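Structure first, then comments.
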Amino acid sequence: MSILDDAKEKWTGTINEVTIGATKQDGGTRTSVVTVGGAGALPFMNFEGPTPRAPVVAMEIWDREPDDWAQPLVDAFGPVLKSPADWARKCVEEFGAEMLCLKLAGTHPDFGDATPAQAAEVVKSVLKAVGVPLIIWGCDHDEKDNEVLPRCSQAAAGERCLLGAVKEDNYKTLVASCLADGHTILGLSPIDINIAKQINILVSEMGLPLNRIVMYPTTGALGYGIEYAHSIQERGRLAALSGDKIMSLPVLCMVGSEAWRTKEAKASQQENPAWGDEKTRGIYWEIGTASTFLQAGSDILVMRHPAAVAAIRKTISELMVK
Amino acid sequence: MKTHSITFLPDNITIQAAAGKSVLDAAVAAGLAVNSVCGGDGVCGKCRVIVKSGKVTAKPNMFLDRREIQRGMALACQTFIDGDVTIDVPFESRVGGVPQLATEDAIRYGSISDWVGEGALFPHNPLFQKIYLDLPKPTISDCICDQERLYREIRRSRDIPIMQTGLAVLQRLPDILRQCDWKVTALLGCRGGTVEVVDVEAGDTSASNLGVALDLGTTTVVAHLVDLTTSKTLATKAKYNSQITFGDDVISRIMYGATPERRTQLRDVVVNDINDLIAGLVVDAKVKLNDVCMVACAGNTTMIHLLCALNPANIRKDPYIPAVCCPPVIRAAEVGIKINSRGLLATLPSVASYVGGDVVADVLVSGMMRSPDLSLLIDLGTNGELVLGNSDWLVCCSASAGPSFEGGGITCGMRATNGAIEHIQLGRNGDIVQCNVVGGSKPLGLCGSGLIDAVGELLKAGCIDRRGRFDPAACGGRLREGDSGGQEFLLFPSALTALGRDLVLTEADINNLIHSKGSIYMAMECLLDHVGMSFDDLQHVYIAGGFGNYLKIDQGIRIGLLPDLDPAKFKYIGNGSVQGAKMALLSQEALKNVQDQIAGAMTYLELSTNHKYMNEYSSCLFLPHTNIEKFPSLMPAPQKQTDAAVAR
């Protein structure tokens, strides 16, 4: 007989399952789809409840050649960085990516100012090149996104992409596109659990059901507010598991872009000899950031370096062993 | 020093001002009340004037666009005189009009006879009394001094162990007593624990014993003339606090009052207002100013400091310590209030820097400290004050709500005076179904209650989403691009308004209101949480404050300002401040109750360091709230559909 009471938590809520990608059968052209969510307990705590679906890594690709990426990243991909379709193909065929996140960085008015039509062409080319589901991310410039993303949404109609990101003061245009073209949507909130919930409410009140929304509660890299971002994400998950239906949505993390923005990932060995080899430092930084967010309950991790992606996928498969 | 003449239009007042003086300072010197929210720091953009002619130097600012600058528009506080100039002070930049008095109809909760008098809560025992005395003449066997003779006679009818008398009275006493054949009226005023023989008047003047109950608000000053013998209110008056020129809220006034000279200036300005009101009351009631011997004043802590020209600086500095919470009774003339020259001024005690005598007065009037029922009192204003408790305990806090309830920070906002839309009803596409304007004229702007109505109605009509953003599809043709970017909702086109200016509501306006209402709601939750209770435990919710009277409960609930409770639980207490001051004036016991049972018993909760407040504030920045289950009566149908969709 045990002296201590059973300390297991009993959760009442379950995270909604969201499927990204549509095969021919569902009106799309994807050869594979990804379903995330479904958790009935904190991640990997199988003794308390199920984590039925493994978190998914989406590899980040751009519509233009990045000019500020650290050398190890550039080296990892090589010349395909010039062509989004080739880049996508390399991620899937060589690195085994299950999903891609296409960032339309080149549409930003200050960084290329590509037209909506050009962006839509890029989307089409990527969809044609690979069969995995796609996240389509704007350039984080509200007005431009409102012109570009509806065109991309149309171009990808029926493919059930994940479109993002909407904010509480800019969501109507994109939600309308999502509804029309059968996509799912990503709601961005600035590390604030209440605003995260508000976006879910605003989007769902436009008629998009809660099983077509993914939350992006903002990511902070290791050493750059990761504790705060982790705790907000965890609080959101606790609220969801405690029965808050509006918070019961899968969560996405932008690991790669945040981790590779830090000086620790980018600085050369000459600048900081004590920091070690720059070829591996950024990769470790990305792995460290990603593995932290896995524990907070992230369902989709958007990552950059193939080596970091491989390491995290290994971690995930080990954590998923019952 | 070089001076220039400066002429203000349309008043056509010309004064001489030193070169380099700001137009705002000159306007103050000319006796014009110009709007200035920030007190001359150049950050509010409200003191707009038009330079008609002459040379000025203007500091750049971000409030005026090029078109306005070309038209001669300038900010009075950022424009300095360089020569003889003519300045037009437009209507919208003036502190004008008469504030709406809480009418008897609006005071839907009790009257003075319920509180003071026979069979009421407190006995009738005024702070100031006049008693007629027929003194026995001195003889060789009854040879006590004049003062002792007076005291002995007073004590025959009153149980007053300790009395005091000023030298000025003693100097006149022997002559008065003998000139009027020992028939005199003694004027007795309560000063803390003692009674002062304030004066001695010849003959019987006891029939006319008057006092003034004063609500000294940051925005408005309200005065009631009261017959202390009959408890009747003889006349009432209100006006805007002229200190508004030195800042809209207490913080900017505290900042303005940084030097003794400026504090004297602030005091003189408000004392002028008080004197104007009292002079008007006396004329209206056809009584003598000399018969007004007592003023009881309820105001927030800062206003009381400024009335007494006390340094308020520490009120806004951590750890927020006022100079005094319970100022002594002083002679009214010491601060310049013109009543009987020996008359007294009493103030209601404060609890803390941001919970003042006005709130204490509200509690007194609500009676919540006498009932076992759990009650919540809300005083809505720039600073929202909340009190929770019952006959055993009281907890209070203050929430900085911002000026939107007073029409501040709102594009077409205004105070609740003539021309203000106080209620509005909208239909489909935001079309106006009904609109009430104070004074019945064409609308000029939106006051707090009108703003709450407008936002509540826009939400109901689906013209805005729950974050307060417009939905173009639901706004008919009323939505347009504003001058400063962003969308605005046209309520009234210029042809239908009093100033010929379009009356609009912007997303920024709605956002300001959302922040104001959010801070009040969050403060209520924190207060309840602090004592381990919830809204469901509340039996009564009292709404105080001039603005509170005009608030519609259903609209307050719809936008999430008020908790979603049975409307029958809400009660308006009208201007609790002036009513509480009146109760104190009429009953020493009431004042003592205020001091001991209310101000003395209230626990102050500081919200600026409250974790719950910090963590959950953003959940209130939604209409009505992020967690809709807190507002069951407002659960939207689409949400149920969404739930159903998920279930499918």
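Key figures
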| item | result |
| --- | --- |
| Per-selection Kirkwood Rh - the protein assembly as shown (Cα, Å, 1 d.p.) | 32.3 Å |
| Stretchable slack from residue B:286 to residue B:313, in nm (0.36 nm times residue separation minus alpha-carbon distance) | 5.6 nm |
| For segment B:114-248, with +1 on Lys and Arg beta carbons and -1 on Asp and Glu, the positive-most of B:117, B:179, B:203 along the dipole | B:179 |
| GluC sites (Glu not before Pro) restricted to DSSP loop in segment A:92-121 with at most 11 other C-beta within 10 Å | A:94 |
| Hits among lysines - C-alpha to C-alpha of residue B:52 under 21 Å, sequence gap 8 or more where chains match | B:21 |
| Residue A:176/residue A:5 FRET efficiency (R0 35 Å; Cβ-Cβ; nearest 0.05) | 0.10 |
| DSSP-assigned coil residues among trypsin sites (Lys or Arg not before Pro) in segment B:450-524, each with at most 16 further Cβ atoms within 10 Å | B:501 |
| Cut-off of 10 Å, at most 11 other beta carbons, DSSP loop: longest stretch of chain B lacking such GluC sites (Glu not before Pro) | B:119-648 |
| Theoretical FRET efficiency, 1/(1+(r/R0)^6), r = Cβ-Cβ of residue B:487 and residue B:9, R0 35 Å, to 0.05 | 0.50 |
| Residue pairs, from the table B:571/B:612; A:128/A:167; B:2/B:55, whose Cα atoms sit over 21 Å apart | B:571/B:612; A:128/A:167 |
| Net charge dipole size for segment B:3-93 [Lys, Arg +1 and Asp, Glu -1 on Cβ; Debye, nearest 20] | 220 debye |
| Residue among A:246, B:522, B:433 farthest towards the positive dipole end of the protein assembly as shown, charges placed on Cβ | B:433 |
| Fully extended contour minus Cα-Cα distance, from residue B:428 to residue B:275, at 0.36 nm per residue | 50.1 nm |
| Dipole moment magnitude, nearest 20 debye, chain B about Cα centre, only Lys, Arg, Asp, Glu C-beta charged | 1100 debye |
| Qualifying GluC sites (Glu not before Pro) in segment A:198-275, DSSP loop, other Cβ atoms within 10 Å at most 14 | A:271 |
| Rounded FRET efficiency, nearest 0.05, which uses the C-beta distance separating residue A:46 from residue A:12 and R0 of 25 Å | 0.90 |
| All lysines inside 16 Å of residue A:314 as judged from Cα atoms, apart from same-chain residues fewer than 8 positions distant | A:322 |
| Between segment B:446-476 and segment B:370-414, the Cα center-to-center distance that results, in Å | 24 Å |
| Residue among A:238, A:163, A:186 with the largest mean-square fluctuation in a Gaussian network model of chain A, springs linking Cα atoms under 10 Å | A:238 |
| Inter-centroid distance (Cα atoms) of segment B:420-443 relative to segment B:247-271, Å | 37 Å |
| Dipole of segment A:19-316, positive direction: furthest Cα of A:126, A:44, A:216, with charges on the beta-carbon | A:44 |
| Under 19 Å from residue A:279, Cα to Cα: lysines that are on another chain or at least 8 residues apart | A:263, A:266 |
| Distance from segment A:29-81 to segment B:310-356 (C-alpha centre basis), Å | 65 Å |
| Sum of -39500 (n - 2.57) over DSSP H runs of 4+, divided by residues of chain B (222 nm, nearest 500) | -7500 deg cm²/dmol |
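None of the figures in this text is laboratory data; all of them are computed from the coordinates on show. Keep in mind it's a predicted model, so treat the numbers as computed, not measured. Positions of Cβ are generated from backbone atoms using ideal geometry, with glycine treated the same way; all protein chains shown enter the neighbour counts.
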